Amino acid sequence: MIRLHKVSKQFRTGVFALSDISFEVEKGEFVFLVGPTGSGKTTIFRLLTREALPTTGEIVVDNWDIIKLPVSKVSHLRKKIGVVFQDLKLLMDRTIFENIVLPLEVSNIKTIDAKIIVEEIMEKVGILAHRDKFPIQLSGGELQRAALARSLTLSPDILLADEPTGNLDQVTAFEIVKLLSEINQKGTTIIMATHNKDIVKTFSKRIISLNKGQLAKDTTISHYSLKSDNIDAGNKKLETKPKPEKKKEEDEDF
Amino acid sequence: MKTFKTTWHNIRRSPYQAFAAVFVMTLTFLFISFFTFLLYGSTKAISYFESRPQVTAFFRQEVKQTDIDNLKDSLMKTDKISSIKFVSKEDALKIYREQNKNDPLLLELVTADILPASLEISTVKIEDLSEINNTLKDSPLVSEVVFQKDVVSVLTSWTNALRSIGLGLIIVLSLVSIFIMVIIIGIKISQKKQDIEIMRLIGAGGWYIRWPFMFEGIFYGCVGAILGWLISTGALWYATPFLSLFLKGIPIFPLPLVFLLGLLGIEIIVAIVLGTLSSFVAVLRYLK
């Protein structure tokens, strides 16, 4: 579903945001993308949505070669990928409903159908009561839910969540990730960039670690001790590619 | 429908910019309307003068009718005459009385005997007027020749000059309008840069973003055209009684409704073209 092969991204300043990154994400997977600030997490998301082009390498998303994709098709690609942006990117002069309905309007979905879809999603993420409020009137957690709701309106095959728990308290952060987990269980491929090691430890998912633009680790869960995600994820066995890492080293990735 | 809603939303969110754009467009179309009225009036005046007898030959008192008929026939044979009309002394008196019906003193003093008979002649081509004028002047039957070539040619040259100056000014005003509209729409695009970026990121196509700005330009153009037309037509309607009195005898006023509605239609088409062009330039310039 998603394949990055020897991808590098060099900025005009000469700094490499990513160097020689390769990984694959299968359909329906839930992947945590971890790494310190500036490690290249957001750059990967920008490359996947064709917001930026890699300097070298190959990126394939759902059989679409991102580099060769004509400009006229970029909007089609972006409709297939839901994104929860790090800075949320909600329109401050529109109500929460108007923000969430935007992807449907962009896709020329009938107003009446769009209304039903949006209300259903708002109900699911728990912000239906705030439908006519403006972003400034909502709390951080509610805004994250609104951004998540907007990313889900077009039922995307892939969901990219860039630090969706940033600046949230632990309880709200866990609620957001649980929500993502539920979405993932319905078949949506999710890549979530995060700093929150508690979340990563708690939810038994594959972890891709980045450090200074390089792939540090790709850790896949080999044994699912829990059928569903819960907070007690103590007895998970981690299998690390290409080499096993010690727990202490895992902590350093954040 | 959504595009129109977004367009209206954009207009309402920045009323002063919208006002500036509409004001500039109104000025342009106000000028276009007034210039068109002027051109219409001068063209009508020229055709009025052209349709009037271009040469009038007044005969001596003692001239016989047979001599006048012979002269008339000889002129007709030249094939340069489009119309020729004999005005007898009695006809001349009728015309005099009609022209001075409000002045009894002038009517009392004049009889048919002192008014000369005349021939009112129009030529097929205006350049033949001089030759006819000379022929008549050389005739011993004719006492005086009145020759209107100068009136028509002066009026024609004035109209041509007016047309050139007016067209030049319309072009300049249209260019100014386009530049101002490009700047205004450009400012609006810059103000909505973040919104546009977000819309792009969630999959909005290029034209989904561009259309509201395109319609905005068209809206300003059309509102400007309608306002310009309404103001100029209103002013013309108000001034019609005074102008009719001033241009006594020249049948220009009132301007036909079909002409005025036709002008409105053309101005709206021009407004759409100007609005589209301005928006397109702004979108190309600011929405890369």
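Computed from the coordinates by the stated procedures, all read-outs in this text should not be read as laboratory data. Here the structure is a predicted model, which means the values were calculated and not measured. A quick note on method: Cβ atoms are made from the backbone with ideal geometry, for glycine too, and the neighbour counts reach across all protein chains shown.
Quick one: which residues, 5 or more positions from A:Asn211 or on another chain, have an amide H under 5 Å from its amide H? H modelled 1.01 Å from N in the peptide plane, none for Pro or chain starts.
Close amide H contacts, sequence-distant or interchain: A:Ala216.
Would you kindly work out the equivalent ellipsoid of the stretch B:53-147 from its C-alpha gyration tensor and give its semi-axes, the square roots of five times the eigenvalues, largest first in whole Å?
26, 15, 11
Give me the net charge of A:Ile121's neighbourhood, meaning all other residues with Cβ under 12 Å from the Cβ of A:Ile121; Lys, Arg count +1, Asp, Glu -1.
Its environment carries a net charge of +2.
A:Gln170 to B:Leu167: FRET efficiency via 1/(1 + (r/R0)^6), r the Cβ-Cβ distance, R0 60 Å, to the nearest 0.05?
Efficiency, rounded to the nearest 0.05: 0.20.
Report the net charge of residues surrounding B:Gly203, where surrounding means a beta-carbon distance below 10 angstrom and charges are Lys +1, Arg +1, Asp -1, Glu -1.
Within the 10 Å Cβ shell, the charges total +4.
With only alpha-carbon atoms in the gyration tensor, what are the semi-axes of the equivalent ellipsoid for the stretch A:17-91, in Å, largest first?
After scaling each eigenvalue by five and taking roots: 19, 17, 14 Å.
Kyte-Doolittle cut-off -0.5, length cut-off 20 Å along the helix's own axis using Cα: show which whole DSSP H helices in chain A pass.
Taking the DSSP H segments of chain A (at least 20 Å long, mean hydropathy at least -0.5), we get A:111-125, A:170-185.
Let me have the 222 nm mean residue ellipticity of chain B computed from DSSP H runs of 4+ only, each contributing -39500 (n - 2.57), with the sum over all residues rounded to the nearest 500.
-25500 deg cm²/dmol
Show that you can apply the helix-only estimate: for chain A, add -39,500 (n - 2.57) for every DSSP H stretch of four or more residues, divide by all residues, and state [θ] at 222 nm to the nearest 500.
Helix-only estimate at 222 nm: -10000 deg cm²/dmol.
For helix B:129-138, report the angle its Cα long axis makes with the longest principal axis of the Cα atoms of chain B; keep it between 0 and 90° and round to the nearest 10°.
Between helix and principal axis, roughly 20 degrees.
Hey, what do the phi angles of the stretch B:223-238 turn into as Karplus ³J(HN,Hα) couplings, whole Hz, using 6.51/-1.76/1.60 and θ = phi - 60°, x for Gly and Pro?
Karplus-based 3J(HN,Hα) across the stretch B:223-238 equals 4, x, 5, 5, 5, x, 5, 4, 5, 5, 5, x, 5, 5, 4, 5 Hz.
If amide H atoms are built 1.01 Å from N in the plane of the peptide, which residues on other chains or at least 5 residues away come under 5 Å of the amide H of A:Phe203?
Sorted by chain and number, the residues that satisfy this come to none at all.
Taking θ = phi - 60°, what integer Hz values does the Karplus form 6.51 cos²θ - 1.76 cosθ + 1.60 yield along the stretch B:37-45, in sequence order, with x for Gly and Pro?
Along the stretch B:37-45, the couplings run 4, 4, 5, 4, x, 5, 5, 4, 5 Hz.
Build a GNM of chain A with springs between Cα atoms under 10 Å: which of A:Val31, A:Val106, A:Val84 gets the top mean-square fluctuation?
Looking only at A:Val31, A:Val106, A:Val84, the largest GNM fluctuation is found for A:Val106.
Please compute the alpha carbon radius of gyration of the protein assembly as shown, then divide it by the globular-protein estimate 2.2 N^0.38 Å. Two decimals is fine.
Against the empirical 2.2 N^0.38 Å value, I get 1.73 for the protein assembly as shown.
In this model, which of A:Lys27/A:Lys205; B:Lys89/B:Lys137; B:Lys85/B:Lys137; A:Lys79/B:Lys188; A:Lys6/A:Lys197 are farther than 23 Å apart at the alpha-carbon?
Cα-Cα > 23 Å for A:Lys79/B:Lys188; A:Lys6/A:Lys197; rest within.
At R0 = 45 Å, how high is the FRET efficiency between B:Asp138 and B:Phe246 if r is their beta carbon distance? Nearest 0.05 is fine.
Calculated value: 0.70.
For the stretch A:2-252, take N as its residue count and report Rg(C-alpha) divided by 2.2 N^0.38 Å.
That ratio works out to 1.01.
How large is ³J(HN,Hα), in whole Hz, for each residue of the stretch A:128-136 in order, when computed from phi with the Karplus curve 6.51 cos²θ - 1.76 cosθ + 1.60 and θ = phi - 60°, using x for Gly and Pro?
Going residue by residue, I get 4, 5, 9, 4, 9, 8, 9, x, 5 Hz, with x marking Gly and Pro.
In Å³ and rounded to a whole number, note down the convex hull volume per residue for the Cα atoms of the stretch B:136-288.
Looking at the stretch B:136-288, the number lands at 150 Å³ per residue.
Give me the dipole magnitude in Debye, nearest 20, for the stretch B:50-176 about the Cα centre, with unit charges on the beta carbon: positive for Lys and Arg, negative for Asp and Glu.
340
With no solvent and one equal point scatterer placed on each C-alpha of chain B, evaluate the Debye formula and give log10 I(q)/I(0) for q = 0.09, 0.10, 0.14 Å⁻¹, two decimals.
Debye intensities relative to I(0), on a log10 scale: -0.64, -0.71, -1.02.
What's the center-to-center distance, using Cα atoms, between the stretch A:83-120 and the stretch B:49-116 in Å?
85
For the pair B:Asp79 and B:Lys288, how long in nm is the line joining their label points, each one 7 Å along Cα→Cβ?
Here the modelled spin labels are 7.0 nm apart.
Would you please give the FRET efficiency between B:Ile269 and A:Val71, computed as 1/(1 + (r/R0)^6) with r the Cβ-Cβ distance and R0 = 41 Å, to the nearest 0.05?
Efficiency for this residue pair is about 0.80.
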